[in-house]
Amino acid sequence: MTRKTVKTNKSSIQQSQATTQLLQQALKYYQQGHLPQAAQLYQQVLSIDNKNSDALNLLGITLAQQQKTSEAEDLVRKAIKINKKVANYHYNLGIILESQKKQDEAIRCFQTALKLEPENIQARLNLGNIFNKQEKFDEAITCYQYVLQLNPNYAEVYNNIGTLLFKQEKFDQALSHYQKALTLAPNFADAYNNLGLLFNKQEKFNDAIACYQRAIESNPQFADPYFNIGNILVKQEQFLEAIAYLRRSISLKDDYIQAHNTIASAFHRTGAIHEAMAHYQKSLKLDPTQWKMHTNLIFTSNDAVDQQRDTLFAELQRFNTQHAAPLANEIKPHTNTSTPNKRLKIGYVSADFRQHAVAYFVESILKNHDHAQFDIFCYYNHEQKDNFTKRFQIYADHWCDCVELSDEELTEQIRQDEIDILVDLNGHTLGNRLLVFARKPAPIQATYVGFPNSTGLTAIDYHLTDYYFDPVGIGEKYHSEQLIRMSNSYHCYTPNEDSPECIKLPAINNDYITFCSFNKFDKINDKVVNLWISVLKAIPNAKFIIKNHALKNLILQEKFAIIFEQQGIERDRLILGVEPSTLATLHAYNQADIALDTFPYNGATTTCQALWMGVPTVTLVGETHVARAGLSILTAAKLPEFIAYSEEQYVEITVKLASNIENLRQLRQNMREKLINSPLMDHIGFTRELETHYRQMWQNWCSCTA
C-alpha cells in the first residue's frame, strides 16, 4: 500500500510575526525528523494563542509520528472544532484514526476532506486503501481510478489496483497492473514483491523468486521478499538455503512473526530443535494469542534430547490456560439420551484420513467397528483426498469434510449430530481442531494416537494409551486426561495394500551387513549419531542407508556425512538421500538387513514398516512418552529381544544380530507371519477392546447423569 503522508497546509499559516516564525521553525524541525523540538515550538505557539488551529493540527501530527495517538487525536479534533473548513485537518485526523484501527471513523474523515477538497489525491488514495483492506473492492477501485484521472502516471496506484485484483483472483488483470507500475517505476520494490506473490500463487516458483530478487535489488532493506524466498525454499525442502533468507528477513524486521514461524519450521526439519523452539517462543512473545504456533512449539519440544516430561506437561497446561480454558463459557449442556446400552455415536476428528503415519493405525479401527453397536462419524480436516481417504469414507457411516468450517461451525455440527464420544486423532499436530474440543460439543471426549502425549486440555476426558507408554503410577502425573490403557500396544498396524514382497536377505549376497534408518531427520540428534557411529565401528564393514526428506538437500547431506567422517566412518559406508514415496521406501527396506531406531523420539510407522518388510529394528527405551514407542510396538510384535534399555545394550543387541546371518534370514522369512499373528496386527481384537472402553466411558457418564 502507498505510504500515508500528512498535509501541513503551509498556505493557511497567517499569524502574528512571532507565531509565524515559531511555526516555520517548527515545520523545519518536523521535516528534518526532529520531532521533540518541533513539538516544543508548537506548544510555545499554543502558549501564545491556544486557539491557533494550525498549531493544534501540526502538534497533533507531530505527536502521532511519536506514536502518541490519543493525544494527537484530541489536538486535531480541537483544530477541527475551531475551523471545520480545512480539508487537511480532516485528512490528518483520518490518518490518526486509521493508525488506531478505527477504520470506519477514518473513512468519514477522508470523505469529509474530499467534500472540502475533491482533488485531494492522498485522501482519495488512503480512502481506497481502507476499502481495499475491508474488501469493498468496488469502492476501492472507484477511488483508485479517480486518482489515476488526476495523475495517470501514479505507479503506486497501479500497484494497489493490482493487489485488489489479486485478492479477487483476477490474476491476468493483476499482472497487467503490476507490470504497468513497474514500467512507470522500474525500481518499485513493492510491485516486484507483489508480482512475486502472484507467481507464487500460480506455483510459478522460479518466476516468483526472480521477482523477489528484483525487489531485494531495488530495496535491500525490504524484509518481505527475503521472507517470501525463504518460504518457497521451505516448501521445496531446501531448508538450509531457506534459513539464510529467513535470518536476513528477521534481521531487518525482528517482530516479523511469520518469518519466526517459518524459520522455526526449517530449523525443526533440519534437526536444530532448540533453535526452532527459540523462534516459536519469540513468535509467541510477539503475539501470545497464536494458538497454532503454541501447538508447533509443543510438538517440536518432543524432539529435544533434554526434554523433561514435567517441563513439557507444564507447557501443555499453559496452552490450556491461554487458549482452551477461556472457551469453557461456550460449553452448552448436553442433551444426549443417557441410555447405557444404546447404539453409540462415535465421532473421529482428524486431518490425517489420508496417506499419513496416523492412517496406518486408524484404518484397522474404522474398518472393523461393530456398526450394530456404534454409529461412526468422521470429521476430516484436510483438503487432500487419496486412496486412504476413499477407503475411510466407505468405512464411516457419516462423513464430514470440515476443513472449511470455523471452530464454531464445527462445534455446532457435532452437537447437531448428537455425538456421544468425540475422539481427537491429532493432538498438537498440524491440522488439529483442539479449540473445538475446548468447546466440548460432545459429553465425552478422548484423544488417541495422533500425538505422543497429553493434550493438556481439561475439556478432554480420556487419553487412550498402553502400559508401555504410560506405566501405572507414572503416566498419570503427566496427563490432564484420565488414562485408559489398552492391554497390548495402543498401536494396531495396517500395512500398505501394495507392499512389495520381502526379498532374500541382502547380507547373503553382499557379504556385509546393511543398516537403515528412514526416520525423520528431526529425530536424528547428536546422541543418535554417536551411537550409530559406535555400531559402525563395532562392525567395520557394515554400510548404513539413511534416507528422509531433509536429506534431499545435498548441502545437508554433505554436512551430515562429515560428522561421520570426523569420527572415522568413511563416506562410502553411508548411503544418504530420500525416497520419493512410501512405496519406494518399502522397496528400500529390501536393501537393508537391520533397522536402527532413533531416540529419544522413537519411530512408530517406520518401525512397523521395517518389521513388515522383514527387517528387525533395534530400539532404545527412555523415560519420556516418545522414547517408549519402540518398547510398545516390539512388545506387541512379540520381539522383545530387540529392545535395549541402555546405549551399551543397544550396541550389544545390534552386534549380536549382525553376527548371526542365519537368524536374520529366518527373521526375514517369518516376520510377516509373526506380525499377523501378534497383537500388533490383531485388528478385530484391538477394535473390540477399544469398543469395550468406549462403552465403559459411556456407562460412567450415564451413571453420573442419572
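Out of the range 565-583, which residues are under 26 Å from VAL234 (Cα atoms) and touching a residue at least 12 places away in the same chain (Cβ under 8 Å)? Steps first, please.
At the first step, the residues of the range 565-583 found to be under 26 Å from VAL234 (Cα atoms) are 574-583.
Listed by number, the residues that qualify are LEU574, ILE575, LEU576, GLY577, VAL578, GLU579, THR582, LEU583.
The rows are residues; the columns are (1) closer than 30 Å to ASN219 by Cβ; (2) surrounded by 20 or more Cβ atoms within 10 Å (Cβ to Cβ).
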position: GLY271; (1), (2): no, yes
position: TYR280; (1), (2): yes, yes
position: SER283; (1), (2): yes, yes
position: PRO326; (1), (2): no, no
position: ARG343; (1), (2): no, no
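Can you find, within the range 43-52, the residue that is surrounded by the most Cβ atoms within 10 Å (Cβ to Cβ) among those that are more than 14 Å from LEU63 (Cβ to Cβ) and of a type in the set (A, V, I, L, M, F, W, C)?
The qualifying residue surrounded by the most Cβ atoms within 10 Å (Cβ to Cβ) is VAL45.
Considering only the range 67-86, I want to know if a residue exists there that is closer than 23 Å to GLN111 by Cα and in contact (Cβ under 8 Å) with a residue 60 or more places away in the chain.
Taking every residue of the range 67-86 in turn, at least one turns out to be closer than 23 Å to GLN111 by Cα and in contact (Cβ under 8 Å) with a residue 60 or more places away in the chain.
Checking the conditions here, which among ARG108, ARG77 is touching a helix residue (DSSP H, G or I) at 6+ places or on another chain (Cβ under 7 Å) and basic (Lys, Arg)? It would help to see each step written out before you state the result.
Values: ARG108 fails: touching a helix residue (DSSP H, G or I) at 6+ places or on another chain (Cβ under 7 Å).
Answer to the selection: ARG77.
Of (1) under 22 Å from GLU497 (Cα atoms); (2) modelled with pLDDT under 95; (3) not aliphatic (A, V, I, L, M), THR335 satisfies all except one. Which?
Among (1) under 22 Å from GLU497 (Cα atoms); (2) modelled with pLDDT under 95; (3) not aliphatic (A, V, I, L, M), THR335 violates only (1).
Within the range 474-492, restricting attention to residues that are among the small types (Gly, Ala, Ser) and in a loop (DSSP other than H, G, I, E, B), which residue is surrounded by the most Cβ atoms within 10 Å (Cβ to Cβ)?
Taking the range 474-492 first, the residues among the small types (Gly, Ala, Ser) are 475, 480, 487, 489.
Cutting the leftovers down to in a loop (DSSP other than H, G, I, E, B) gives us 480, 487, 489.
Working: SER480: 19, SER487: 12, SER489: 27.
So the residue we want is SER489.
Given the conditions (1) touching a Leu at 6+ places or on another chain (Cβ under 9 Å); (2) modelled with pLDDT of 90 or more; (3) crowded, with 20+ Cβ neighbours inside 10 Å; (4) not hydroxyl-bearing (Ser, Thr, Tyr), report the number of the one that VAL147 does not fulfil.
Unmet for VAL147, out of (1) touching a Leu at 6+ places or on another chain (Cβ under 9 Å); (2) modelled with pLDDT of 90 or more; (3) crowded, with 20+ Cβ neighbours inside 10 Å; (4) not hydroxyl-bearing (Ser, Thr, Tyr): (2).
Please give the number of the condition ILE563 fails out of (1) among the β-branched types (Val, Ile, Thr); (2) under 17 Å from PRO495 (Cα atoms); (3) surrounded by fewer than 22 Cβ atoms within 10 Å (Cβ to Cβ).
Single failed check for ILE563: (2).
Could you go through the range 493-509 and let me know if any residue there is within 14 Å of MET613 (Cβ to Cβ), in the same structural domain as PRO616 (by TED's automatic domain parsing), under 28 Å from the mean Cα position of the chain (by Cα) and surrounded by 19 or more Cβ atoms within 10 Å (Cβ to Cβ).
no
Where in the range 37-109 are the helices (runs of 4 or more DSSP H), entirely inside, with at least 3 residues that are within 20 Å of ALA18 (Cβ to Cβ)?
Working: elements: 53-65, 69-82, 87-99.
Passing ranges, in order: 53-65.
Exactly one condition in (1) in contact with a helix residue (DSSP H, G or I) (Cβ under 9 Å, 6 or more places away or on another chain); (2) assigned to a loop (DSSP other than H, G, I, E, B) is false for GLU501; which is it?
(1)
Listed here are the residues, each with its yes/no results for (1) part of a helix (DSSP H, G or I); (2) assigned by TED's automatic domain parsing to the domain that holds GLY630; (3) in contact with a Cys (Cβ under 8 Å, 6 or more places away or on another chain); (4) crowded, with 24+ Cβ neighbours inside 10 Å.
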position: ILE414; (1), (2), (3), (4): yes, no, no, yes
position: LEU430; (1), (2), (3), (4): no, no, no, no
position: LEU435; (1), (2), (3), (4): yes, no, no, no
position: PRO452; (1), (2), (3), (4): no, no, no, no
position: GLY456; (1), (2), (3), (4): no, no, no, yes
position: VAL472; (1), (2), (3), (4): no, no, no, no
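Condition check: touching a residue at least 24 places away in the same chain (Cβ under 8 Å), more than 30 Å from GLN236 (Cα to Cα) and in a helix (DSSP H, G or I). Does LEU551 satisfy that? First the steps, then the outcome.
Working: touching a residue at least 24 places away in the same chain (Cβ under 8 Å): yes; more than 30 Å from GLN236 (Cα to Cα): no; in a helix (DSSP H, G or I): yes.
It is false that LEU551 is touching a residue at least 24 places away in the same chain (Cβ under 8 Å), more than 30 Å from GLN236 (Cα to Cα) and in a helix (DSSP H, G or I).
With respect to TYR158, determine if the residue is buried (at least 20 other Cβ atoms within 10 Å of the Cβ) and in contact with a His (Cβ under 6 Å, 6 or more places away or on another chain). Give the steps one after another, and end with the answer.
Working: buried (at least 20 other Cβ atoms within 10 Å of the Cβ): yes; in contact with a His (Cβ under 6 Å, 6 or more places away or on another chain): yes.
Yes: the conditions hold for TYR158.
Go through (1) at pLDDT below 90; (2) surrounded by fewer than 21 Cβ atoms within 10 Å (Cβ to Cβ); (3) assigned to a helix (DSSP H, G or I) and name the single condition PHE166 misses.
For PHE166, the failing item is (1).
Given the condition among the β-branched types (Val, Ile, Thr) and not in a loop (DSSP other than H, G, I, E, B), answer yes or no: does some residue in the range 565-574 qualify?
Keep residues of the range 565-574 that are among the β-branched types (Val, Ile, Thr), which gives 569.
If we keep only those that are not in a loop (DSSP other than H, G, I, E, B) too, we end up with none.
Scanning the range 565-574 turns up no residue that is among the β-branched types (Val, Ile, Thr) and not in a loop (DSSP other than H, G, I, E, B).
Within the range 177-213, work out how many residues are among the hydroxyl-bearing types (Ser, Thr, Tyr), surrounded by 14 or more Cβ atoms within 10 Å (Cβ to Cβ) and closer than 24 Å to ILE141 by Cβ.
Of the range 177-213, the ones among the hydroxyl-bearing types (Ser, Thr, Tyr) are 178, 183, 192, 212.
The next check asks that each one be surrounded by 14 or more Cβ atoms within 10 Å (Cβ to Cβ); those that pass are 178, 192, 212.
From what's left, closer than 24 Å to ILE141 by Cβ: 178, 192.
Qualifying residue count for the region: 2.
Among the listed residues HIS279, HIS268, HIS274, which satisfies the condition of being under 22 Å from VAL578 (Cβ atoms) and in a helix (DSSP H, G or I)? Steps first, answer last, please.
On the way: HIS279 fails: under 22 Å from VAL578 (Cβ atoms); HIS274 fails: under 22 Å from VAL578 (Cβ atoms).
Residue meeting the stated conditions: HIS268.
For a quick check of your reading of the model, give me the residue pairs whose first member lies in the range 655-677 and is closer than 19 Å to LYS543 by Cα, whose second is assigned to a helix (DSSP H, G or I), with beta-carbon atoms closer than 6 Å and at least 6 apart or on different chains.
Between residues of the range 655-677 that are closer than 19 Å to LYS543 by Cα and residues that are assigned to a helix (DSSP H, G or I), the close pairs are VAL655/ALA538; ILE661/ALA507.
So, of the residues in the range 335-357 that are farther than 18 Å from ILE684 by Cα and of a type in the set (Val, Ile, Thr), which turns out to be nearest to the chain's Cα centre (by Cα)?
Taking the range 335-357 and keeping what is farther than 18 Å from ILE684 by Cα, we get 335-345, 347-357.
Those left that are additionally of a type in the set (Val, Ile, Thr): 335, 337, 339, 349.
Values: THR335: 35, THR337: 38, THR339: 41, VAL349: 18 Å.
Among residues in the range 335-357 that are farther than 18 Å from ILE684 by Cα and of a type in the set (Val, Ile, Thr), the one nearest to the chain's Cα centre (by Cα) is VAL349.
Does the range 1-42 hold any residues that are among the hydrophobic types (A, V, I, L, M, F, W, C), modelled with pLDDT of 70 or more and either surrounded by fewer than 15 Cβ atoms within 10 Å (Cβ to Cβ) or under 25 Å from ALA113 (Cβ atoms) (or both), and which are they?
Keep residues of the range 1-42 that are among the hydrophobic types (A, V, I, L, M, F, W, C), which gives 1, 6, 13, 18, 22-23, 26-27, 35, 38-39, 41.
If we keep only those that are modelled with pLDDT of 70 or more as well, we get 18, 22-23, 26-27, 35, 38-39, 41.
Within the range 1-42, ALA18, LEU23, ALA26, LEU27, LEU35, ALA38, ALA39 qualify.
Looking at (1) of a type outside the set (Lys, Arg); (2) more than 44 Å from the chain's Cα centre (by Cα); (3) at pLDDT 85 or above; (4) buried (at least 20 other Cβ atoms within 10 Å of the Cβ), which one does ASN83 not meet, given that it meets all the others?
It fails just one condition, (4).
Just one of the numbered conditions (1) crowded, with 24+ Cβ neighbours inside 10 Å; (2) under 23 Å from ILE161 (Cβ atoms) is not true of LEU75; which one?
(2)
The values are calculated or read from the model by the stated rules, or taken from the named source; none is laboratory data. Here the structure is a predicted model, which is why all the values come from computation and not from measurement. No Cβ is skipped: glycine too gets one built from the backbone with ideal geometry, and neighbour counts run over all protein chains shown.
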